[in-house]
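Report on the following structure.
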Amino acid sequence: MTDQTNVLRPSRRTLIGGATALGLASATRAGAAVADAPALLVSTWDFGAAANKAGFARLSVGGSILDAVEAGARVPEADPEVHTVGLGGYPDRDGRVTLDAVIMDDKGGVGAVAAMEDVVHAVSVARAVMEKTPHTLLVGDGATQFALANGFEKAKLLTPDAEKAWRDWLKTANYTPVANIENRKPLGDARDHDTIGILGRDGNGNLAGACTTSGMAFKMHGRVGDSPQVGCGLYVEAGVGAATSSGLGEEVTRTAGSARVVASMRAGMDPTAACREAVMHIAKLRGDAIRDVQVGFLAIDRNGCPGAFALMAGFTYAVTDAQGRTVMHPAASLQA
């Protein structure tokens, strides 16, 4: 369950404006040096509050910003009630739960896994790929074998609830590859996504991010979305910022969405404007093909200022400041 301890909700004025500054007066000062800004964590969706809490706790005992984003991402991975990430994630159409994850720092360090089975904490396996191999991405059986060889425990990921949902889906299953077959009403809310992305910046200006998912519900076996692909589900660049995405991964992958957001920040856009530009690009490129599809981007700049934008209303994100106070925000959106 999402931990709502010490979580604030914005006012109607904030809801209307899609503002990102509420509760962040201490985050940065105009003109302050990067190293003077406090630590900050941002993450996607309502369960990001619990993720941020765990990440902040790790920072509080001397962990690095990379440690913090990993710790945060592990929270929904271990929660069987979160059916889009880790344990309890909905399976593919063959009844197999497969996980994707990526972790990245701002020094060129990156590790990822895709289509991995039988291990809960995909984000931690991704970090092991980064730190223990010369590679950046391991997939399928190779990812699972690597995880088990490096001390990760084997676990059954398909929970009774997720299995029931899959068996119910099988009664009317359409095996045509429909990209957004997992969509539910109302569209655009937390049931219409498949990812947690978490970004962080410490007091010295170091940046890191992580993204982890069980992917699209009832997807074709072997499908990999944007989440574990660097530049799509996550991108981090020193001195610029970091970005992550959520929603229908195929649309993010087509446009290298997170790398596009960071590139816009490098060119001088603020995080919200950069996220909006990426969404507008997808909307222009895809037109009617993305009707009733959700894609959202979340970003943080080098000074610790966050921003987000989505195709549809309903995308939310959690912001935690240097005192550990968390505020939930609704992202502004192209469609109501």
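The values are calculated or read from the model by the stated rules, or taken from the named source; none is laboratory data. Treat the numbers as computed from the prediction; the structure is a model and nothing was measured. We place every Cβ from the backbone using ideal geometry, glycine too, and count neighbours over all the protein chains shown.
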Practice task
Check whether at least one residue in segment 284-294 is at pLDDT below 95, over 23 Å from Leu207 (Cα atoms) and of a type in the set (Val, Ile, Thr), and report yes or no.
Solution key: yes
Of the residues in segment 212-254, those that are surrounded by fewer than 24 Cβ atoms within 10 Å (Cβ to Cβ) and part of a helix (DSSP H, G or I) come to Glu250, Thr253, Arg254
Among the residues in segment 64-76, are any in a loop (DSSP other than H, G, I, E, B), of a type in the set (Gly, Ala, Ser), touching a Phe, Trp or Tyr at 6+ places or on another chain (Cβ under 6 Å) and modelled with pLDDT of 95 or more?
no
### Query
Taking the stated definitions as given, is Ala243 touching a residue at least 60 places away in the same chain (Cβ under 8 Å) and closer than 15 Å to Leu199 by Cβ?
no
Return a yes/no flag: does segment 281-294 have any residue that is in a helix (DSSP H, G or I) and within 19 Å of the chain's Cα centre (by Cα). yes
All conditions in (1) surrounded by fewer than 23 Cβ atoms within 10 Å (Cβ to Cβ); (2) farther than 18 Å from Gly48 by Cβ; (3) touching a strand residue (DSSP E or B) at 6+ places or on another chain (Cβ under 8 Å); (4) at pLDDT 95 or above are true of Thr272 except (2)
The one condition Ala313 fails out of (1) within 27 Å of Ile65 (Cα to Cα); (2) touching a residue at least 60 places away in the same chain (Cβ under 8 Å) is (1)
